[in-house]
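> First the structure, which I've put down as structure tokens, then a few questions once you've had a look.
The values are calculated or read from the model by the stated rules, or taken from the named source; none is laboratory data. Predicted, not measured: the structure shown is a model, and the values here were computed from it. Here the Cβ positions follow ideal geometry from the backbone for every residue, glycine too, while neighbour counts run over all protein chains shown. Calculation scope for accessible area: heavy atoms of the full protein, side chains included, ligands and nucleic acids excluded. Shrake-Rupley method; radii C 1.70, N 1.55, O 1.52, S 1.80 Å.
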Amino acid sequence: MGIAYDPRERVFRLDTPHTTYLIGIVDAEGFLGQIYYGPRIPADPMRYLLRLEEPPYAPSREPGERVSFYDTFPFEYPAWGGGDFREPCLRAETAEGGRRCELFYQSHEIFAGKKPLEGLPAAFGGECTTLAIRCADPVLGLQVCLSYTVFEDVDVICRSARIENQGAAPLTLTAALSACLTLDGRDFDLITLPGAWAHEWRIDRRPVASGRQGAFSLRGISSHQFNPFLALAEHTATREQGLAYGMCFLYSGNFLAQAEPDACGKIRAVLGIHPEGFGWRLEPGEAFQTPEAALVCSEQGLGGMSRSFHDFFRRHLIRGQGKHRYSLVNSWEAAYFDFDHDRLLALGQKAAEAGIELLVVDDGWFGHREDETSSLGDWYVNEKKLPGGFRRLGEELSAIGVKLGVWMEPEMVSPDSDLYRAHPDYALQTPGWAPAQSRKQYVLDLTRREVRDCVYGQISAVLRSAPIVYLKWDMNRVLSDVFSSALPAGRQGEAAHRYTLGLYELQERLLSDFPDLLLENCCSGGGRFDAGMLYYSPQIWTSDNAEAIDRLTIQEGTALAYPFSSMGAHVAACPSHTNCRSTPFRTRGHVALAGCFGYELDLCKLTPAEFAAIPGQLAEYRELGPVFRDGDAYRLASYSENRSHDALLAVRKDRSLAVLCYVQVVSRAQRRSLRLPLAGLEPLRQYRDRRTGETRSGAGWMHGGVLLPVLEGDHQSLLVVLEGVDGAAEGG
Ligand code: DGJ
């Protein structure tokens, strides 16, 4: 495993446990071509895949067809202007307006480990090896360092590029993407995760058509509309079989994830910061670092791809993975803005009675906020509502064994706020225009240090004022008026990315000053559910739609790339505040069990039977939740596909325990049981079904399956727990 260079073949070989990635240097000029990415292969000579012996040939053999070569060759990091008309990774513009850029191999370095990326989320090591290939444009004096890291324990390759102006004149980068793949030889389907507020991440799968297609965001956040993720699976690939490639972006702002077949049928897939509106000026000596992209290839279909991403994120990206995930009750759907100290304490007392660990005071505790129209930016406690502030509430909660968490929306400012009255210029705004409001609020210009300092001073004062163990960092609008008064004319194309860097800097400061704080990100639910944010917060509020049946689809889509341990999942009020559907309390508990568990309702208004069910749900969360959050997930049936039922299986890493969450969404007229073959068990090990005591081998359960009884009515659910009878080992 690892990375090696074959000087005779001039080929770089990158191996993960089950995949191989080959890059070749071509001709004396040094074009860098992608030879192969796929299942692990022996050290065969594979350069033939570059098709250099076919027309239009390499320029050394056929200089008269240089442009055609450019438009055909599988460039490792394609640049714009020489004749490759597919989507490039790199575009650079000179002061005179010149737009041609070409990259040629110069040198390389292979080293153990991985360097962090300054100011950006980045995967971290363990056992890993990095390849840095330096290439250059000799005319522009641009040097590009392509970085690849392979890990010994996951089938993931991380890529990024550092672009440095080593010339004498300034340049502007108008595209600087992170990764490019060239795939052919199979019929591929493109899979993206489109969505909307309260309907995040429907799995959209369709054959790759001609033209450019994929996912993107220009909203300044990764967005509800598309997740920064793309997969290409061979047309015949299923959940557990066939070849699937995934590309995931470790970034939270504008992005482009795009597939594009060329005239010969090869698909170019690119991932990076969206070039639309992007322009990064590089003075001589300055450099730009792209965010990182994570690539996966799996022969175990989409399930295999997802499990590789889950392992990778849990082990190599999410720094807070090991933090305790409190069971919680959140005040939002319990009380919205209508609360005071006594109401929160009453909620806390109910939480204590039920065994819930944490009370989160959501929106409405600061400034004079009574609704959406005011006070964002004024992060001091409204003493009319909470006399004695968080210190008093925190101490009183602590006395009954409940911890305190708070909500903030640090990136925002209300027009009706002391902050805005004092510093109207702190809001992002385009000269000559009043900034556009959304949810009656403006976005703070996080590109500016003084704005970040002002926000940070307020956040840290709140966190220091009381025993606060959890912060929900919310963000409830997209960016408009992306213009920064800190940037000169000619550099406004940097504003959107600098905003994201400012956000990362703020969250980094928070983590370093409050290392024990559990941070949960949120963006009206999943508007910034991306791997960039997961570097800072181990969990993200998955969706404002916590209704159990809609959540099946939302959590399924999210889990295509992200682990269950990263999903905030709560038992919400009923009928649902989002879609008015009524579902049994038990089903709501089972669906939320897979994620970071909590209650999004008024505990004081539950029926006695519902309230009495909470300790059992919490016990399930403690015992079985870790199997979903730390184990291997297998999607066995999908409500989004069959519209009648849903089945998610999680198996502990040591295969000693498996938990099936089955939801009968629509009851069936057919009164016979449903046979569901399982997956992921050890074939020869014996497993006992806790419900029935039936014991059979893993192979028996996987091929014979479990018989699921008809449940009484719609929206009913069942947990099936299979335990290895030879003694269950601990841990996920
Ligand atoms: C949007 C979040 O997603 C909700 O959970 C809640 O915190 C509201 N914002 C509060 O304004």
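> May I ask you to compute the full-extension gain from R212 to E9, defined as 0.36 nm times their residue separation minus their alpha-carbon distance, rounded to one decimal in nm?
Additional length available on full extension: 69.7 nm.
> Which order do the peptides 63-70, 664-671, 267-274 take when ranked by the mean count of other beta-carbon atoms within 10 Å per residue, highest first?
Ranking, from highest mean packing down: 267-274, 63-70, 664-671.
> Right, next: Pull up the DSSP beta bridges for the range 401-492 and report the antiparallel fraction as a percent, rounded to 5.
Around 45 percent antiparallel, to the nearest 5.
> Between R668 and A609, what is the spin-label point distance in nm, taking each point 7 Å from the Cα along the Cα→C-beta axis?
Calculated label separation equals 2.6 nm.
> Ranked from highest to lowest mean number of other Cβ atoms within 10 Å per residue, what is the order of the peptides 276-284, 474-482?
Going from most to least packed, we get 474-482, 276-284.
> Now for a different question. PRE reach from E641 (point 7 Å along Cα→Cβ): which of the range 185-209 fall under 18 Å by backbone N?
Once the point is set 7 Å along Cα→Cβ of E641, 188-194, 201-208 turn out to lie under 18 Å by backbone N, inside the range 185-209.
> How much of the accessible area of the chain, probe 1.4 Å, is carbon plus sulfur, in whole percent?
Summing carbon and sulfur atoms, their accessible area is 52 percent of the total for the chain.
> Further, regarding this structure: Can you tell me the convex hull volume per residue for the range 322-370, based on C-alpha atoms, in Å³ to the nearest whole number?
80
> Sort E712, E556, E610 from largest to smallest accessible area, using a 1.4 Å probe on the heavy atoms of the protein chains.
The ordering from most to least exposed comes out as E712, E610, E556.
> What are the residues whose amide H is under 5 Å from the amide H of R581, where those residues sit 5 or more places off or on another chain and H is modelled from the backbone?
S576
> Among P467, G457, I400, flag the residue with its Cα farthest along the positive direction of the charge dipole of the range 397-474, charges on Cβ as +1 for Lys/Arg and -1 for Asp/Glu.
Checked the options; the winner is I400.
> While we're looking at this one, here's another question. Taking 2.2 N^0.38 Å as the expected size of a compact globular protein, what ratio does the Cα radius of gyration of the chain give against it, to two decimals?
0.98
> In whole Hz and in residue order, list the ³J(HN,Hα) couplings for the range 708-725 that follow from phi through the Karplus curve 6.51 cos²θ - 1.76 cosθ + 1.60, θ = phi - 60°; x for Gly and Pro.
In residue order, the calculated couplings are 9, x, 5, 9, 7, x, 6, 6, 8, 9, 8, 9, 10, 10, 10, 10, x, 7 Hz.
> Sticking with this one: In Å, the Kirkwood hydrodynamic radius of the range 408-447 over pairs of distinct alpha carbons?
It is 10.3 Å.
> Compute, for D155, the solvent-accessible surface of its heavy atoms (probe 1.4 Å) with the complete set of protein chains present, and express it in square angstrom to the nearest 10.
20
> Would you mind getting the Kirkwood hydrodynamic radius of the range 498-560 from its Cα pairs, rounded to one decimal in Å?
12.8
> Between the range 609-623 and the range 257-295, what is the C-alpha centre distance in whole Å?
48
> Name the residue farthest towards the positive end of the dipole of the chain from the options L146, L419, W541, assuming +1 on Cβ of Lys and Arg, -1 on Cβ of Asp and Glu, about the Cα centre.
W541
> Could I ask something else about it? So for the chain, taking the charge dipole from beta-carbon charges (+1 Lys/Arg, -1 Asp/Glu), which of S217, P291, T238 sits furthest toward the positive end?
It is T238, whose Cα lies furthest towards the positive end.
> At a probe radius of 1.4 Å, what is the per-residue accessible area of E623, in Å² to the nearest 10?
Ignoring ligands and nucleic acids, E623 comes out at about 80 Å².
> Right, here's the next one. Given H placed 1.01 Å from N in the peptide plane, which residues other than close sequence neighbours of G525 have an amide H under 5 Å from its amide H?
D544
> Follow-up question, since we're still on this one. If r is the Cβ-Cβ distance from K653 to E372 and R0 is 56 Å, what FRET efficiency results, to the nearest 0.05? Mind showing how you got there, number by number?
Working: r = 44 Å, r/R0 = 0.79.
The pair K653/E372 has a calculated efficiency of 0.80.
> What number comes out for accessible area per residue over the range 625-699 if the probe is 1.4 Å? Units Å², please.
Per residue, the range 625-699 has an accessible area of 42 Å².
> Return, ordered by residue number, the residues of the range 143-185 whose backbone nitrogen is under 15 Å from a label point located 7 Å along Cα→Cβ of R134.
143-147, 162-167
> What is the P(r) of the range 669-732, as percent of Cα-Cα pairs per 10 Å bin from 0?
For the range 669-732, the binned pair fractions read 20, 48, 25, 7, 0 percent.
> Right, another one. For the range 41-143, take N as its residue count and report Rg(C-alpha) divided by 2.2 N^0.38 Å.
In units of the globular-protein estimate, the range 41-143 measures up at 1.33.
> From Cα pairs below 8 angstrom and at least 6 apart in sequence, can you work out the relative contact order of the range 604-732, rounded to a whole percent?
Values: 240 pairs, mean separation 33.0, N = 129.
Over the range 604-732, the number comes to 26 percent.
> Grab the other residues whose beta carbon is less than 11 angstrom from that of C604, score K and R as +1, D and E as -1, and report the net.
It works out to a net charge of +1.
> Below 8 Å between Cα atoms, with a sequence gap of 6+, how large is the relative contact order for the chain in percent?
With pairs under 8 Å counted, the relative contact order is 10 percent.
> If you take every DSSP beta bridge fully contained in the range 528-654, what fraction is antiparallel? Give it as a percent rounded to 5. It would help to have the intermediate numbers written out before the result.
Working: 5 of 12 bridges.
The antiparallel proportion sits near 40 percent.
> Could you state the orientation-averaged shadow area of the convex hull built on the Cα atoms of the range 350-472, in nm² to one decimal?
Reported value for the Cα convex hull: 8.1 nm².
> Next question, about the same structure. Calculate one ³J(HN,Hα) per residue across the range 491-504 by plugging θ = phi - 60° into the Karplus curve 6.51 cos²θ - 1.76 cosθ + 1.60, and present them in order as whole Hz with x for glycine and proline.
Each residue of the range 491-504 in turn: 10, 5, x, 8, 4, 5, 5, 5, 4, 5, 4, x, 4, 4 Hz.
> Let me ask something additional. Using modelled backbone amide H atoms (1.01 Å from N, in-plane), which distant-in-sequence or interchain residues come within less than 5 Å of L142's amide H?
The list, which skips near neighbours in sequence, is D137, Q166.
> Same structure, new question: Based on the mean of other beta carbon atoms within 10 Å per residue, what is the order of 50-60, 331-341, 312-322, most packed first?
312-322, 331-341, 50-60
> Expressed as a whole number of Å, what is the distance separating the alpha-carbon centroids of the range 59-121 and the range 151-165?
If you average the Cα positions of each part, the centres end up 17 Å apart.
> Kindly report, to the nearest 10 Å², the accessible surface of M702 as traced by a 1.4 Å probe over protein heavy atoms only.
Number for this one is 30 Å².
> Calculate for the chain the 222 nm mean residue ellipticity that helices alone would give, adding -39,500 (n - 2.57) per DSSP H run of length 4 or more and normalising by residue count, nearest 500 deg cm²/dmol. Don't skip to the end; give the middle numbers.
Numbers: 14 runs with 140 residues, N = 732.
My calculation for the chain gives -5500 deg cm²/dmol from helical runs alone.
> Return a single number: how many Lys pairs in the chain, at a sequence separation of 8 or more or on separate chains, have alpha-carbon atoms below 27 angstrom apart.
Total qualifying Lys-Lys pairs in the chain comes to 24.
> All other residues with a Cβ under 12 Å from the Cβ of T16 taken together, and with Lys, Arg as +1 and Asp, Glu as -1, what is their net charge?
Net local charge, T16 excluded: -4.
> From Cα pairs below 8 angstrom and at least 6 apart in sequence, can you work out the relative contact order of the range 11-98, rounded to a whole percent? It would help to have the intermediate numbers written out before the result.
Values: 125 pairs, mean separation 16.4, N = 88.
So the answer I get is 19 percent.
> Kindly state, to the nearest 0.05, the FRET efficiency for A352 paired with E505, given R0 = 45 Å and r defined as their beta-carbon distance.
On the way: r = 38 Å, r/R0 = 0.83.
Result of the calculation: an efficiency of 0.75.
> Can you give me the Cα centroid spacing of the range 299-369 and the range 634-681 in angstrom?
26
> Is there a quick way to get the dipole size of the range 43-143? I mean about its Cα centre, with the Cβ of Lys and Arg at +1 and of Asp and Glu at -1; what is the value in debye to the nearest 20?
140
> Rounded to whole Å and sorted largest first, list the principal axis extents of the Cα atoms in the range 1-88.
Cα extents, longest axis first: 41, 27, 18 Å.
> What is the magnitude of the charge dipole of the chain about its Cα centre, with +1 placed on the Cβ of each Lys and Arg, -1 on the Cβ of each Asp and Glu, and no other charges, expressed in debye to the nearest 20?
Around 1120 debye, computed over the chain.
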